[in-house]
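Nothing in this text is a laboratory measurement; each read-out follows from the coordinates by a stated rule. Values in this document were obtained by computation on a predicted structure and should not be read as measured data.
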Amino acid sequence: MTLQLRVYVPPHPLIKHWLGVARDASTPPPLFKSAMVELGRWLTYEAIRDWLPTEDIMLQTPLAPCPATMVNPDVQLVVVPILRAGLALLEGAQTLLPVASVYHLGLVRNEETLAASCYLNKLPKDFNPNTRVIITDPMLATGGSIMLAMAELTQRGIDPALVRIISVVAAPPALQKLSSGYPSLTLYTAMIDEGLNSKGYIVPGLGDAGDRSFGT
Ligand code: PRP
Ligand code: URA
C-alpha cells in the first residue's frame, strides 16, 4: 500500500469565519490572537473526532447502571506548539485537551535564506512510540520549519502516522516536502493557499502570524 499525506480542509463555518478575520489586514492584534485561538479550537475539534481512542465501560448514574464510552485514560497525548505563532493555536487546542502534555519548540526562519533554526527545544529525550502528537503551527510556507519539527520528533521515537498537524494556511512547497518526507502524516488546515511571494510569505496568506498574534 502506498501511503499518501492526508490533508483535510474542514468545511466548518466557524473555521471559515475566523480565517476571514485573521486574513483581514485591518484586524488589530488582540482580535487576530482571538481568531488564532478559535482556529486552534475548531481545527483541533476536527482533528481529534476520529482519532482519540475510547473505551466502553459500565458506570452507575444516580438512577441505574449505564454503558458509557470514555476517552481511554492510558492514551499518551502530546501537543507541540511551534513558537511563537503556534502558541495561540495551542491555547484553543488546550480548551479541548486540557490533560495533554505540552512540549514547546521554538523555531525561527532566517529572513534572508528562509532556513529554519531551533532556539528552544523542550522535547524529552525519548517518547513512548505510541504517543499521539498534535503540532500547532499556523503557517506552513517553505516547509522548512515543519520539516525541522518532524525531524526532532521522529528522532525521539515518534511515529509520523500518529502525528496530526494543525495549521491555518498551508502553501504547496510545504505540502510537497511533507508529502515526500512523511507520507503517513495527517494535516488539518483552514486553507491551502496559492503560493509564496519573493520573501517567502504565503499569498494571499495573513501576513506575519507571530507579529500579528503578539502585537510586535
Ligand atoms: C513562521 C511560522 C512558521 C514558519 C513557516 O514563524 O509561524 O513557523 O514561519 O515558515 P516556513 O514554512 O517557511 O518555515 P517565524 O519564523 O516567522 O517565527 P515566529 O512564529 O516567531 O514569528
Ligand atoms: N510565516 C508567517 O508568519 N507568514 C507567512 O506568510 C510565512 C511564514
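With an 8 Å cut-off on Cα pairs and a minimum separation of 6 or more residues, tell me the relative contact order of the range 106-163 in percent.
Numbers: 59 pairs, mean separation 22.5, N = 58.
This gives 39 percent for the range 106-163.
So which lysines can K33 reach, going by Cα to Cα under 21 Å and dropping same-chain residues fewer than 8 places off?
K16
Could you work out [θ]222 nm for the chain from helices alone, using -39500 (n - 2.57) per DSSP H run of at least four and dividing by all its residues? Round to the nearest 500 deg cm²/dmol. Please list the in-between numbers first.
On the way: 6 runs with 70 residues, N = 216.
One gets -10000 deg cm²/dmol as the mean residue ellipticity at 222 nm.
Find the relative contact order for the chain and round it to a whole percent, using C-alpha pairs within less than 8 Å whose residues are 6+ positions apart. Before the final figure, lay out the partial values.
Details: 430 pairs, mean separation 54.3, N = 216.
Reported as a whole number, the value is 25 percent.
I want to verify a result. In a Gaussian network model of the chain, Cα cutoff 10 Å, which of these has the top mean-square fluctuation: V133, V37, V71?
Highest fluctuation of the listed residues: V71.
Just to confirm my numbers, what's the Cα centroid distance between the range 1-30 and the range 79-158 in Å?
Comparing the Cα centres of the range 1-30 and the range 79-158, I get a distance of 18 Å.
Convert each backbone phi in the range 56-64 into a coupling constant with the Karplus relation 6.51 cos²θ - 1.76 cosθ + 1.60 (shift: θ = phi - 60°), then list the ³J(HN,Hα) values in order as whole Hz, x for Gly and Pro.
Values, residue by residue: 8, 10, 10, 9, 10, 7, x, 10, 6 Hz.
Among all the aspartates and glutamates, which ones have a C-alpha under 12 Å from K122's C-alpha, if same-chain residues fewer than 8 places away are not counted?
K122 reaches E152.
Pick out which of R132, R156, R49 has the largest mean-square fluctuation in a Gaussian network model of the chain, springs linking Cα atoms closer than 10 Å.
Maximum among the listed residues: R49.
Cut-off 10 angstrom, C-alpha nodes, Gaussian network model of the chain. Which of T69, T189, T27 fluctuates the most?
Sorting by GNM fluctuation, first place goes to T69.
Once the cut-off is 22 Å, how many percent of the Cα-Cα pairs in the chain end up in the long-distance tail? Write down the numbers at each step before the final one.
Working: 11491 of 23220 pairs.
Tail fraction, whole percent: 49.
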